[in-house]
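Report on one structure; see the data block that follows.
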Amino acid sequence: MSYTHILVAVAVTPESQQLLAKAVSIARPVNARISLITLASDPELYNQFAAPMLEDLRAVMHEETTDFLEKLGKEAGYPIAQTFITYGELSEHILDVCRKHDVDLVICGNHNHSFFSRASCSAKSVVSSSLVDVLLVPLEGD
């Protein structure tokens, strides 16, 4: 099957390079588009007592995430069509982006290697709800 638009769920970690490399290997032969989606950290999770600084902290974290995605895209050696930085439940945003942007393949990392761990992995909700193909890529170093 030939894909036209691949959405890669990445995190601000070195393993994201593996996921993007897999996407490029699938996209390049058919000239498919690649988009990236990530979940930005919510500063409220870190410190409930820093309420006056939350907006500044949120802006800084958003900027760091944007910088990471730009660097990741430059290192890919393949054009990145769009990037999405989301807050909240990542799987809901992935499904929404798939619907609105004609995505036909989602690539997610899998940190779990045992059968029972895989059954409860974070990508489970994407796999169970997706109307498009989902590729789980085992990540090294786990």
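Only the coordinates and a few stated rules stand behind these numbers; no lab work does. Remember, predicted model here, so these are calculated numbers, not experimental data.
Taking amide H atoms as placed 1.01 Å from N in the peptide plane, list the residues 5 or more away in sequence, or in a different chain, whose amide H sits under 5 Å from that of residue 105.
The answer is 5, 7.
At 0.36 nm per residue, and after removing the present C-alpha to C-alpha distance, how many nm does the segment from residue 30 to residue 63 gain when stretched out fully?
Extra length from residue 30 to residue 63 when fully extended: 8.6 nm.
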